[in-house]
Amino acid sequence: LLESLDHLAQGNPNRVNDIADFVNNYRGLTSSSRLGVPLGQRLAEANVLLAPRYRRAVASMYASMLQGGLRGDLARRAMTRLVAGTALTYVGLTIAKGIYDEKSQQQIEQEIVQGLNPASGRFYLWRVAGQLVGPGSKFVSDARLVARLITNPDNFADFSDFNANPGVRWVRGQLAGGPGAAWDVLTGSNYMGEPTLKVEGKDLPN
């Protein structure tokens, strides 16, 4: 990828850096040390967050989209291709799966509409063997969060069911294994809402 963009550098060191940063962000490999993040902070992030370098790379990609120059141009083109490519792939696979499952044209069209809606619970998901499966990434997770915030902001202020709050679920999905397991124990249920620390419906003995 880096070699394919070499012609855009035009011998300008600043453009070379812009290309290198874009490639790293695109691949989810942003160097925290190169950005000046202290070692202690990097270690803390690794212990608390799931794939912190990937999270930072995605955030950097979003920030680059708002910038001008080569950096912004590359980020916007990449994001446009990502969104278009993922959507077309989803539509193609949904049509193929619908035909294989002998679904009607109306059923297939309804699944496509739901699957392309970030606010829907079926966003980029297919039902396979009774389970919902689909491409997972921070881009997809962030799109769901933003869409739900825009379409139903009141849900984010509703903490009557703490674990079901969409903002809480998004934060929980960013946690590493250790903190995530601790959250499961403290709240009594895992990310999918299934009870923890129970055997045959009874609490484990102390």
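Observations
- Residue list for region 156-170, filter: open to solvent by 70 Å² or more (accessible area, probe 1.4 Å), in a helix (DSSP H, G or I) and without any contact (Cβ under 8 Å) to a residue 24 or more places away in the chain: A157, R169
- Residue within region 27-40 that is modelled with pLDDT of 80 or more, surrounded by 12 or more Cβ atoms within 10 Å (Cβ to Cβ) and part of a helix (DSSP H, G or I) present: no
- Count - residues of region 111-120 that are in a helix (DSSP H, G or I) and free of Cβ contacts under 8 Å to residues at least 24 places away in the same chain: 4
- From the options I99, I150, I108, residue that is of a type in the set (V, I, T), open to solvent by 80 Å² or more (accessible area, probe 1.4 Å) and in contact (Cβ under 8 Å) with a residue 12 or more places away in the chain: I150
- The one condition in (1) farther than 27 Å from N152 by Cβ; (2) touching a Pro at 6+ places or on another chain (Cβ under 8 Å); (3) not in a helix (DSSP H, G or I) that A46 fails to fulfil: (3)
The values are calculated or read from the model by the stated rules, or taken from the named source; none is laboratory data. It should be emphasised that the depicted structure is a prediction, and the values quoted were computed from it without experimental measurement. Here the Cβ is made from the backbone with ideal geometry for all residues, glycine too, and neighbour counts use every protein chain on show. We work out accessible area using only protein heavy atoms, side chains counted, and drop any ligands, DNA or RNA first. Shrake-Rupley method; radii C 1.70, N 1.55, O 1.52, S 1.80 Å.
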